[in-house]
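Asker: Pasting in a structure now, in structure tokens, and then I'll have a few things to ask.
Any read-out appearing in this document is the output of simple, stated calculations on the displayed coordinates, not a laboratory observation. Since the structure is predicted, the reported quantities are computational estimates derived from the model, not experimental observations. No Cβ is skipped: glycine too gets one built from the backbone with ideal geometry, and neighbour counts run over all protein chains shown.
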Amino acid sequence: MPRKKRIYNGVGAMGAAPDFRVDQKGNLALSLVTQINEHSQVIIRKFNGGISFGNGQPGSNAGNLDAIWIDFITPSVPDTQFPVWHPLGRTPMGWSPWRQDKDSGLYDLNAGGWNAEKMYFGCAVASATMRILIV
């Protein structure tokens, strides 16, 4: 079943910029200059060692990255092609395994058939519980 949307929980991500407005003459108030400075500092902190993978919860956005966490269980028959649905909204570049309950031997299949909603995998073992990061 396809996931309809990504979960943006804000973990590791930057918040929205304040609403910067100028007066009718085009002047900036001192409080606005202070807000711009504070927001700039947040951006600097996030990019200087603050890149985050988020909280790793299934379906959640991966922090600052254009990536998504997905949990699934592989089929009960090994080496069977199966789809993994995702809400990334674009064709993934790839994936990385992060958690698994057994030595699974997960591998991608039919990469040419991947799209903005699903990917295809195979697994050398039956019924492995997986958490992958899709990028």
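Asker: Quick one: if you stick a label point 7 Å off each Cα along the C-beta vector at E117 and T129, how many nm between them?
Answerer: With each label placed 7 Å out from Cα toward Cβ, I get 2.8 nm.
Asker: May I pose another question? Taking Cα centroids, how far is the range 99-125 from the range 79-95 in Å?
Answerer: Here the two parts' Cα centres lie 7 Å apart.
Asker: Label the range 57-135 by shape, choosing from rounded, prolate and oblate, from the square roots a ≥ b ≥ c of the eigenvalues of the Cα gyration tensor; if a/c is under 1.5 it is rounded, and otherwise prolate applies when a/b is larger than b/c, oblate when it is not.
Answerer: Details: a/c = 2.23, a/b = 1.36, b/c = 1.64.
Taking the square roots of the gyration eigenvalues as a ≥ b ≥ c, the range 57-135 is oblate.
Asker: Compare G56, G26, G113 in a GNM of the chain, Cα atoms joined below 10 Å, and give the one with the largest fluctuation.
Answerer: In this elastic network of the chain, the residue with the biggest mean-square fluctuation among G56, G26, G113 is G26.
Asker: If the cut-off is a Cα-Cα distance under 18 Å, which aspartates and glutamates reach K46, setting aside same-chain residues fewer than 8 apart in sequence?
Answerer: Excluding near neighbours in sequence, the set is E38, D66.
Asker: If I model a spin label as a point 7 Å beyond the Cα along the Cα-Cβ vector, how far apart are those points for S52 and N110 in nm?
Answerer: 3.7 nm
Asker: With only Lys, Arg, Asp and Glu charged, each at its Cβ (+1 for the first two, -1 for the last two), find how big the charge dipole of the chain is about the Cα centre; round to the nearest 20 debye. Can you show the working numbers first?
Answerer: Working: 13 positive and 10 negative charges, 60 e Å.
About 280 debye.
Asker: Using Cα springs under 10 Å in a Gaussian network model of the chain, which residue among I73, I36, I51 shows the largest mean-square fluctuation?
Answerer: In this elastic network of the chain, the residue with the biggest mean-square fluctuation among I73, I36, I51 is I36.
Asker: Would you mind putting 77-84, 115-122 in packing order, based on average other-beta-carbon counts within 10 Å, highest first?
Answerer: Result, highest mean Cβ count within 10 Å first: 115-122, 77-84.
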